[in-house]
Amino acid sequence: MTQTAIDLSRFTLKKATLDHCPDICDLVNLTYRGNTGWTRETHIIGGDRTNLGEITTAMTKSGARFYVVYLEQLLATCIYLSREQHHAYIGFFAVHPGLQGRGIGKHVLQQAETIAKQQMTATKIRMFVVSQRPELIAFYQRRGYQRIGGTEAYPLQLKIGIPKVAGLTIEFLEKQLH
């Protein structure tokens, strides 16, 4: 895709259905483990980021929703929101690599935060990131997310990839929703 101006009004989140699961799975794997895009982590983690079973299970979880934006037949972006006690959880956030770097991620994240606050009545929003992804952590920090302390070993039991480097960890980021 060429770097042309993007009309962000075309990127309004819509609730996903089970029919969207294969596209969501493909987009998340392409974004995190593909060969292009700034959010990929192929230099530190190999294998798929997710699978159809994980996406379907997340889709059918009570209090959770996937949101998507299609540009014609292309799934341009997706994000997952789940209600967890007093906070919302973000996961599976992806913008197609050919569309990255144009403000779409910021726009979609703002919409997700609004949904979490207004529809899920969450007072804060949380996510986990791989600690060895300073550019991704910086992206979220510029949007008001803060590290909440502590790291955990990379969750091998979730089968979300195979570390290529020793000592991978994850940490949680959080933002208060006012």
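General observations
- Shown here for segment 1-69: trypsin sites (Lys or Arg not before Pro) in loop regions (DSSP other than H, G, I, E, B) with at most 16 other Cβ atoms within 10 Å, namely Lys61.
- Dipole of segment 55-132, positive direction: furthest Cα of His87, Ala64, Val130, with charges on the beta-carbon: His87
- Isotropically averaged projected area of segment 1-140, using the convex hull of Cα atoms (one quarter of hull area), nm²: 8.5
- Cα-based Lys proximity count in segment 47-178, under 26 Å, for pairs eight or more positions apart or on separate chains: 10
- For segment 70-127, the Kirkwood radius over C-alpha pairs fed into Stokes-Einstein at 20 °C and 1.002 mPa s yields D = 179 µm² per second.
- For segment 1-81: rounded, prolate or oblate by the Cα gyration tensor [a/c cutoff 1.5]: oblate
- Accessible surface of the chain [probe 1.4 Å, protein heavy atoms]: carbon and sulfur percent: 52
- Rel. contact order, % - alpha carbon contacts under 8 angstrom, at least six apart, segment 1-104: 31
- Shape category assigned to segment 120-178 from the gyration tensor of Cα positions, a/c cut at 1.5: prolate
- Of interest is the spacing of the C-alpha centroids, which for segment 26-98 and segment 128-178 amounts to 15 Å.
- Computed with every protein chain present, the accessible area of Asp19 is close to 140 Å² [probe 1.4 Å].
- For Leu52 and Asp19, the difference between the fully extended length at 0.36 nm per residue and the C-alpha to C-alpha distance is 10.8 nm.
- When only Cα pairs below 8 angstrom with a gap of at least 6 residues are kept, segment 77-178 shows a relative contact order of 28 percent.
- If R0 equals 25 Å, the separation of the Cβ atoms of His86 and Thr12 corresponds to a calculated FRET efficiency of about 0.40.
- Highest-MSF residue in the chain out of Leu52, Leu27, Leu81 [GNM, Cα springs under 10 Å]: Leu52
- Lys, Arg +1 and Asp, Glu -1 on Cβ, resulting dipole of the chain about Cα centre, debye, nearest 20: 420
The values are calculated or read from the model by the stated rules, or taken from the named source; none is laboratory data. Quick caveat, the model's predicted, so the values are computed rather than measured. No Cβ is skipped: glycine too gets one built from the backbone with ideal geometry, and neighbour counts run over all protein chains shown. Accessible surface areas use protein heavy atoms only, side chains included; no ligands, DNA or RNA. Shrake-Rupley method; radii C 1.70, N 1.55, O 1.52, S 1.80 Å.
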